[in-house]
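S.K.: Next up is a structure, given as structure tokens.
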Amino acid sequence: MATTAPLCSKCGSALDGGSGDVCSKCLLKLGLSTRDDEALQPGQVFHGLEIERKLGAGGMGVVYKARQANLERSVAIKVLPRALSEDPEFTLRFMREARALAALNHPNIVAVYDFGEEGGRYFFVMEFVDGTSLRPVLDRKAMTAPEAIKIVPMLCDALEYAHAEGVVHRDIKPENILIDKKGRVKIADFGLAKLLDKTGSRQETKMTQTNVVMGTPHYMAPEQYENAKSVDHRADIYSMGVLFYEMLTGELPIGRFPPPSQRVQVDVRLDEIVLRALEKQPEKRYQTMGEVSRDVTRVTRPPSKRAITPEEAKSGKWDSIGYAVMMVAFMLAMAVIVKGWPWGGGEGGAPDARQNGAPAPAGKSEDPSAEIAARGEKLLKEDQPSLAFEILEKRIHEDPENQKLRALAVQAAGRHLEHIVEMQGREAGMAWLEPQLREKSFLRPLAERYAVLDTESTVQTLFDKGRAQSFKLADTTRELLAKYPQYYKVPCAAAAIIEKYNIPESVLSLYREAFKRGLPKGDAHAWEICLKAFAGNKVDDSDGKYIQEFAREFYKDDRVDWAQGAVELAGGFLYLHAYAILKERNHPKSKDAYFTALANLLEGHDSAAAQKTVLTSDASRRKRAHDFLAQALETKIVPETDVEYLQNLVDELAK
Amino acid sequence: MVGFETSAVGGKGAFPSTRWTVVLRAKGGGEGEGDRREALGALIEAYWRPLYFYLRGTRLTVEDAKDLTQAFFAALLEKDFLKVVDREKGKFRTFLLVAIKHFVSNERDKARAQKRGGGRKHLPLDFDDAERNFSREPATLETPEKLFLRKWAQDLSALALALLEADFAERGKGKLFQALRPHLAGGKDYEALAEELGMSVANLKVTVHRARQRYAEVLRQAVRDTVRSDADVDDELRELLDAL
């Protein structure tokens, strides 16, 4: 009909989905915070700096690590979204604000070395902080209350300094608090929220209120929502209150939240500080950061003079010892978070971990292995598996056949591994474990865990990479099964991940493989997930023998109800198998089970299977089915639409 | 767990509630049955077309695809299958796709077993329009998933545009919006338009720039509502762009 299709006013391609004058592609591109063609590539020189790698991206632009050759130092470059340069008003604002930011000079504030515009892109050159943000630390609940109490005053001091310089941060949140490898905290992105916020321009205030893209609602002061223009330094005090609450409790103060001391064991005086910072009205809040800092510091001081050991007295104040010990512990916790940290005695600055470990027993022991084992056990109890592993491993070198040491070392290594996996992910865990397994034969029991991690990571990566990769699922699982032929946990692990993506055929076949490999009866967890997979998916007749196995395992008296519930999910088919077992055991519920199974089958969508099962069973079963169905028809529990069908079945059974 | 309550901060009628908020309300977390129905209505309105495209892509006839789309949403209205939706698990888009797949396979089995009676409620969905739209799709061997994804991307860009339009209209600037619209993605020929609108070119540039930024915000918010976290917005946009 129409000879000229409407074209996109931007790219000239034919219009699609009916968005008017612009095609969907051009419209969606507007939403990207950084377009791919804007990205700086490693090796590229930008403003005289050699780009090394991208560190991260967000609504406020992309951050790269770069090398400043003449000063032989690493720097971070933050490149703001290109779209900004299209705003003629932005240039002025940028220059004005950037100057104020570059003037800030404080040990707990990320320094701005330079700023400017190049090729239409505005950027800041900043101090490179080799570490992590507070976000992963909080997400992994890796911060203790004493650590929080030590960090908060430093942050407060930095903010107080900035406020005195007339700079309000406006976006205090864990992502903007950086911690370097020496445990120093630094606040990043000062004032960027204001710079990038469109509230600076007139008329658009309403728009900013819905602007959740830039801000971080949970940490924002109430007045920031209401009228972002009139925000002053007290908004930072509120955000600091949210952050402090989260650092102490691991939770955000949302809705009607309990004071920190009700969530974790902390000094009740902290409740008052946090709640006062979180006052909804700025006037009721702390008025300066200095007050917050002062009150927090007061709480950290010991309530009364306690006995101080002569050593402590000699080396200085109690506080500084407490702080040092705390920082060592904190940095050890951080070590597992920051990749590549030279923990455990690498070059440069890593503390000797053992000084914080358990002291050796006072009396001289005749058996050094027993002594090390005791220390190892103690460290394990204190949840310091990496230290435990270190001493145990050393001792095993001297005393290789000591079974107790070996068992403890496996336990310690296993727990340390789980720490790494939890904090840094499976790949990091594998990277740690792989050389250990190669070099230390006593760690062989962990080989299975390695296989599982490898399986999980490989399969997950497939899905993470998107559809194209996930087509390779069958090949990949086959390869994994061949690579680790001996472990039943390998198919289970793959299945547990695939299950999330709803690919029942693969899941079932993997569990079948697990059965073939001899799923041990003792592994209740594996059994449970297998059963759920079978119950949740359609099974065929060949699965009958596995299901019988399940039923045997689970229809032990104390699990009858649970198993019935799980089995019912499958709509009856499994139930018939379960029934056989119940009957074997002479279980009082067997009759109910059978009837329920039938009812489920007939109710559900598998009536063909039901019919086949019932009609091909033995005489006594047919008789029972007949009686049940006849009875069911009489009591009118059967839906009307099914009556005719059931009547036929009854007649058939009566033959 | 906690969704952004855009509706709480947006002006009246200026912004729809966020999708996840709607889902939560549709799950029955809101103020009673009326609220739940209304929330479901909003969900259906926003997402039925990609699902219809998906069904058509599975080689179903127009009639069957219509029936199944109706049936799917009828089931959504009657049954509790939103109960299993969990924001933490990921994208709403993926949830819907998995749900429709399950639904179709269940329906097929039911049909195989026996025909059951019972009239279904019919929702006022404009299939004719959707079908015209569908038949415009290039007749390639696209997978139904791809069709779903593409329609999703198109609807999303259009949804954000409609929201922006409503936003302008509410401020009495509906006409201005119509004039800016062709310039949203990339401006050209500012002089003529500036003259037409009676403003300076510089002023027009600022106005276009703001509209563009605003569009980006609205769009990102719309995407944000269907994914797990802020960090996922760019990835989702890229995935949608790839589909187009």
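The values are calculated or read from the model by the stated rules, or taken from the named source; none is laboratory data. Everything numeric in this text was worked out from a predicted model, so none of it was measured. Cβ coordinates were reconstructed from backbone atoms using ideal geometry, including for glycine residues, and neighbour counts include every protein chain displayed.
S.K.: Mind checking which pairs have a first residue in the range B:92-105 that is without any contact (Cβ under 8 Å) to a residue 12 or more places away in the chain and a second that is aliphatic (A, V, I, L, M) and surrounded by fewer than 18 Cβ atoms within 10 Å (Cβ to Cβ), Cβ under 8 Å, 6 or more apart or different chains?
M.R.: Short answer, once both residue conditions are applied: B:95/B:85.
S.K.: Going by the structure shown, is residue A:106 closer than 30 Å to residue A:269 by Cα, buried (at least 20 other Cβ atoms within 10 Å of the Cβ), of a type outside the set (A, V, I, L, M) and more than 14 Å from every other protein chain (Cβ to nearest Cβ)? Outline the logic, then answer.
M.R.: Numbers: closer than 30 Å to residue A:269 by Cα: yes; buried (at least 20 other Cβ atoms within 10 Å of the Cβ): no; of a type outside the set (A, V, I, L, M): yes; more than 14 Å from every other protein chain (Cβ to nearest Cβ): yes.
When the stated conditions are applied, residue A:106 does not pass them.
S.K.: Exactly one of these conditions fails for residue A:120: (1) within 30 Å of residue B:215 (Cβ to Cβ); (2) buried (at least 18 other Cβ atoms within 10 Å of the Cβ); (3) of a type outside the set (S, T, N, Q). Give me its number.
M.R.: Just one mismatch for residue A:120, condition (2).
S.K.: For the range A:436-444, does any single residue satisfy the condition of being in contact (Cβ under 8 Å) with a residue 40 or more places away in the chain and crowded, with 16+ Cβ neighbours inside 10 Å?
M.R.: Of the range A:436-444, the ones in contact (Cβ under 8 Å) with a residue 40 or more places away in the chain are A:440, A:442.
Now narrow it down to the ones that are crowded, with 16+ Cβ neighbours inside 10 Å: A:440, A:442.
Scanning the range A:436-444, I find at least one residue that is in contact (Cβ under 8 Å) with a residue 40 or more places away in the chain and crowded, with 16+ Cβ neighbours inside 10 Å, so the answer is yes.
S.K.: Return the residues of the range A:270-290 that are assigned to a helix (DSSP H, G or I) and either of a type outside the set (Lys, Arg) or out of contact with any Lys or Arg (no Cβ under 8 Å at 6 or more places or on another chain) (or both); say none if nothing qualifies. Talk me through it step by step, then tell me what you get.
M.R.: As a first pass, look at the range A:270-290 and keep what is assigned to a helix (DSSP H, G or I): A:270-277, A:282-284, A:289-290.
Answer for the range A:270-290, where residues must be assigned to a helix (DSSP H, G or I) and either of a type outside the set (Lys, Arg) or out of contact with any Lys or Arg (no Cβ under 8 Å at 6 or more places or on another chain) (or both): A:270, A:271, A:272, A:273, A:274, A:275, A:277, A:282, A:283, A:289, A:290.
S.K.: Please pick out the residue among A:189, A:171 that is within 14 Å of chain B (Cβ to nearest Cβ) and part of a loop (DSSP other than H, G, I, E, B).
M.R.: Details: A:189 fails: within 14 Å of chain B (Cβ to nearest Cβ).
Unique residue meeting the criteria: A:171.
S.K.: Given the condition modelled with pLDDT under 75 and assigned to a strand (DSSP E or B), answer yes or no: does some residue in the range A:10-30 qualify?
M.R.: So far as the range A:10-30 goes, yes, one or more of its residues are modelled with pLDDT under 75 and assigned to a strand (DSSP E or B).
S.K.: Out of curiosity, is residue B:231 in a helix (DSSP H, G or I), surrounded by fewer than 15 Cβ atoms within 10 Å (Cβ to Cβ), hydrophobic (A, V, I, L, M, F, W, C) and within 11 Å of another protein chain (Cβ to nearest Cβ)?
M.R.: Working: in a helix (DSSP H, G or I): yes; surrounded by fewer than 15 Cβ atoms within 10 Å (Cβ to Cβ): yes; hydrophobic (A, V, I, L, M, F, W, C): yes; within 11 Å of another protein chain (Cβ to nearest Cβ): yes.
Spelling it out, residue B:231 is indeed in a helix (DSSP H, G or I), surrounded by fewer than 15 Cβ atoms within 10 Å (Cβ to Cβ), hydrophobic (A, V, I, L, M, F, W, C) and within 11 Å of another protein chain (Cβ to nearest Cβ).
S.K.: Scan (1) out of contact with any helix residue (DSSP H, G or I) (no Cβ under 8 Å at 6 or more places or on another chain); (2) within 13 Å of residue A:28 (Cα to Cα) for the single condition residue B:198 breaks and write down its number.
M.R.: Just one mismatch for residue B:198, condition (2).
S.K.: Here's a follow-up. Suppose we filter A:67, A:96 for residues that are among the basic types (Lys, Arg), without any contact (Cβ under 8 Å) to a residue 24 or more places away in the chain and more than 30 Å from residue A:292 (Cβ to Cβ); which single one remains? Spell out how you get there, then give the answer.
M.R.: Numbers: A:96 fails: more than 30 Å from residue A:292 (Cβ to Cβ).
Criteria check complete, one pass: A:67.
S.K.: Also: Test each condition in (1) in contact (Cβ under 8 Å) with a residue 40 or more places away in the chain; (2) buried (at least 17 other Cβ atoms within 10 Å of the Cβ) for residue A:89 and report the one that comes out false.
M.R.: The failed condition is (2).
S.K.: Also, quick follow-up: Would you mind telling me which numbered condition in (1) surrounded by fewer than 21 Cβ atoms within 10 Å (Cβ to Cβ); (2) small (Gly, Ala, Ser); (3) modelled with pLDDT of 90 or more residue A:255 fails?
M.R.: With (1) surrounded by fewer than 21 Cβ atoms within 10 Å (Cβ to Cβ); (2) small (Gly, Ala, Ser); (3) modelled with pLDDT of 90 or more applied to residue A:255, the lone miss is (3).
S.K.: Tell me which residues, restricted to the range B:178-221, are more than 7 Å from chain A (Cβ to nearest Cβ) and part of a loop (DSSP other than H, G, I, E, B).
M.R.: B:187, B:188, B:189, B:198, B:199, B:200
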